[in-house]
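Chemist: One structure, as structure tokens, below. Some questions next.
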Amino acid sequence: MVYRFKIPQDRIGVMIGKQGEVLKILEERGKVRIEVESGSGEVTIFDEDSTDTYLSYRMRDVLKAIGRGFSPENALRLLEDEMYYEEYDIRDHVGRSGKRIQQVRSRLIGTDGKTRRLIEELTDCMLSIKGNTVAIIGDLEGLKVATKAVTMILSGSEHSTVYTFMERKRKDLKISRWGF
């Protein structure tokens, strides 16, 4: 199977790393061959030698996550069994107005990064807000709560409402994860 997609130009260097070190690690961990066209930003994943097609499919999410602003170390957590990746286009919720996109992106980040930090802390997920997208990495339970919090903000909910929602759900997350 071959997977092709594009990543932003400013993330190509992060994906390749110094002297190709990161790219080698990604290929080894994913048991795939990765080609990066630095001019266009096109990434191609080849898994013809792989015996685990699911792993190569997951590698696609790892590379997309790097393209969306996550560090390679954090993106590689997607290869763990219970980690998932979600990506949202802000424009799907607020339209194409550049000013409105900027406002909503600012609301997602919050003053001094407070909103983003709270979403990450209360859900044990990682967020990256880059360009017109919001990307989330986390386990299934945390991802559900983080996704709901992000969509609430994208839909215009007050920050206090979102914080209250996450606080209530945090108790449920503790019970489902650790049994207490």
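The values are calculated or read from the model by the stated rules, or taken from the named source; none is laboratory data. Please read these numbers as outputs of a predicted model, since none were measured by experiment. Virtual Cβ from ideal backbone geometry, glycine too; neighbours counted across all protein chains shown.
Chemist: How many of the residues making up region 136-174 are small (G, A, S) and within 18 Å of Q102 (Cβ to Cβ)? Please lay out each step first, then the result.
Modeler: Taking region 136-174 and keeping what is small (G, A, S), we get 138, 142, 146, 149, 155-157, 160.
Then keep just the ones that are within 18 Å of Q102 (Cβ to Cβ); that gives 155-156.
Residues flagged as small (G, A, S) and within 18 Å of Q102 (Cβ to Cβ) within region 136-174 amount to 2.
Chemist: Those residues that are in contact with a Leu (Cβ under 8 Å, 6 or more places away or on another chain) and not in a helix (DSSP H, G or I), I need them from region 85-104; list them, please. It would help to see each step written out before you state the result.
Modeler: Applying the first criterion (in contact with a Leu (Cβ under 8 Å, 6 or more places away or on another chain)) to region 85-104 yields 85-86, 88, 90, 93-94, 104.
Answer for region 85-104, where residues must be in contact with a Leu (Cβ under 8 Å, 6 or more places away or on another chain) and not in a helix (DSSP H, G or I): Y85, E86, Y88, I90.
Chemist: Separate question: Being among the small types (G, A, S), part of a loop (DSSP other than H, G, I, E, B) and within 24 Å of E82 (Cα to Cα) is the filter here; which residues of region 22-56 pass it? Quick ask: steps written out before the conclusion?
Modeler: First, pick out the residues of region 22-56 that are among the small types (G, A, S): 30, 38-41, 50, 56.
Still in the list and also part of a loop (DSSP other than H, G, I, E, B): 38-41, 50.
Residue satisfying the conditions is S50 alone.
Chemist: Can you pull out the residues in region 37-58 that are at pLDDT below 95 and of a type in the set (A, V, I, L, M, F, W, C)?
Modeler: Once the filter is applied, which keeps residues that are at pLDDT below 95 and of a type in the set (A, V, I, L, M, F, W, C), region 37-58 yields I45, F46, L55.
Chemist: Related question: May I ask you to list the residues in region 15-35 that are in contact (Cβ under 8 Å) with a residue 40 or more places away in the chain, of a type in the set (A, V, I, L, M) and crowded, with 17+ Cβ neighbours inside 10 Å? Let's see the steps before the verdict.
Modeler: Of the residues in region 15-35, the ones in contact (Cβ under 8 Å) with a residue 40 or more places away in the chain are 15, 17, 22, 25-26, 29-30.
Narrowing further to those that are of a type in the set (A, V, I, L, M): 15, 22, 25-26.
Within region 15-35, M15, V22, L26 qualify.
Chemist: Another question, if that's okay. What residue, among those in region 36-94 that are among the β-branched types (V, I, T) and assigned by TED's automatic domain parsing to the domain that holds I109, is surrounded by the fewest Cβ atoms within 10 Å (Cβ to Cβ)?
Modeler: This residue is V94.
Chemist: So which of L127, L108 ends up being under 21 Å from E158 (Cβ atoms), outside any helix (DSSP H, G or I) and at pLDDT 95 or above?
Modeler: That would be L127, the only listed residue that is under 21 Å from E158 (Cβ atoms), outside any helix (DSSP H, G or I) and at pLDDT 95 or above.
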